[in-house]
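Have a look at the structure below before the remarks.
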Amino acid sequence: MSDTAYLNGEFLPLDQARVPVLDRGFIFGDGVYEVIPAYSRRPFRLPEHLARLRRSLAAIRLANPLTDAEWTRLIHDLIARNGGEDQSVYLQVTRGVAKRDHAFPKDARPTVFMMASPLVTPSREVVESGAAAVTATDFRWLRCDVKAISLLANCLLRQRALDAGADEVVMFRDGYLTEGSASNVFAVKGGCLLAPPKNHLVLPGITYDVVLELTRAKNVPTEVREISEDEVRGADELWLSSSSKEVLAITTLDGKPVGGGKPGALFKVVYQAFQDFKRKVMRQAA
Ligand SMILES: Cc1ncc(COP(=O)(O)O)c(C=O)c1O
């Protein structure tokens, strides 16, 4: 049975959803998206995801086609129509269908698409062994804070990691840490958590905020500041965070062990805190 998707006002089987080839998402990558995890069929941090969607839409000068209340109702409806307790909701809004022209069309209607798939978080084995990462120069554009669907650079970078037998890239721009191809990156040195600032060079991750909230609640010394490549290479621990990977240790960088080559002590604290927090939030929402 096909998963259920949502396209421009109707729910339908995903394999029957069709978008015209002149959609500006297809032609120009002219659109934005969100990925929202749902645990026990309840979307996690939905207001924060919708706020980021509003910011992305404003950045590309596209009016939000739905109110937050409408998004919320549709997302709950989509989750209810799909199988599985834990799901990953993908939504995207493009500038719609128009004759191919770089200039914005005057009267196009945005295309609104959503689908849900099983949320696959890292297995216990992966959490215990950690991820392998390779370094790369960040060659993306200068609006990485916008969750744009044009992800060609991110795809090239992720594939570079996979070709090197790794899982993710850790990127630097002008000698400073930015993020991964689909994750934020943190470093730990001498018991202090280092996080790159949320600016135009990184995506303001929803999980990034959760990680900082949890570590601050545990009184972990934290510095949000630019982190040099040397500091990353000399870190005791490296972590990545995203809606699907949650928080995961990076245990090798360019084939060399990070710290002791195993998930570090602080990682274990934040990982457990994340799992506890998730369960608590879900109980409250029930
Ligand atoms: C480039 C990039 N950075 C960071 C993240 C993490 O964001 P979030 O925690 O909201 O999933 C993502 C998620 O896909 C991403 O694509």
Have a look at Arg61, Arg95, Arg52 and point out the one that is out of contact with any Asp or Glu (no Cβ under 9 Å at 6 or more places or on another chain) and either at pLDDT 95 or above or buried (at least 16 other Cβ atoms within 10 Å of the Cβ) (or both). Arg61
Among residues of segment 244-257, those that are in contact with a Ser or Thr (Cβ under 6 Å, 6 or more places away or on another chain), open to solvent by less than 40 Å² (accessible area, probe 1.4 Å) and in contact (Cβ under 8 Å) with a residue 60 or more places away in the chain, counted: 1
Residue check for Ala80: among the small types (Gly, Ala, Ser), in a helix (DSSP H, G or I) and more than 22 Å from Val146 (Cβ to Cβ): yes
Evaluate the following for Ala69: is it touching a helix residue (DSSP H, G or I) at 6+ places or on another chain (Cβ under 6 Å), over 22 Å from Leu14 (Cβ atoms) and outside any loop (DSSP other than H, G, I, E, B)? no
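Residue by residue, here is whether (1) more than 15 Å from the chain's Cα centre (by Cα); (2) away from the ligand (no atom under 16 Å from the Cβ) holds:
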| site | (1), (2) |
| --- | --- |
| Glu34 | no, no |
| Arg42 | yes, yes |
| His49 | no, no |
| Arg54 | yes, no |
| Asn64 | yes, yes |
| Asp68 | yes, yes |
| Thr72 | yes, yes |
| His76 | yes, yes |
Condition first: crowded, with 17+ Cβ neighbours inside 10 Å and part of a helix (DSSP H, G or I). Now tell me which residues in segment 260-273 satisfy that. Leu266, Phe267, Val270, Tyr271, Ala273
Being open to solvent by 60 Å² or more (accessible area, probe 1.4 Å), among the charged types (D, E, K, R) and under 29 Å from Glu34 (Cβ atoms), is that true of even one residue in segment 198-207? yes
How many residues does segment 83-128 hold that are without any contact (Cβ under 8 Å) to a residue 60 or more places away in the chain, within 19 Å of the chain's Cα centre (by Cα), within 25 Å of Asp15 (Cα to Cα) and in a loop (DSSP other than H, G, I, E, B)? 1
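The values are calculated or read from the model by the stated rules, or taken from the named source; none is laboratory data. For clarity, every value in this text was computed on a predicted model and none was experimentally measured. Cβ sites come from the backbone with ideal geometry, for glycine too, and all protein chains shown count toward neighbours. These area figures cover heavy atoms from the full protein model, side chains too; ligands, DNA and RNA do not enter into them. Shrake-Rupley method; radii C 1.70, N 1.55, O 1.52, S 1.80 Å.
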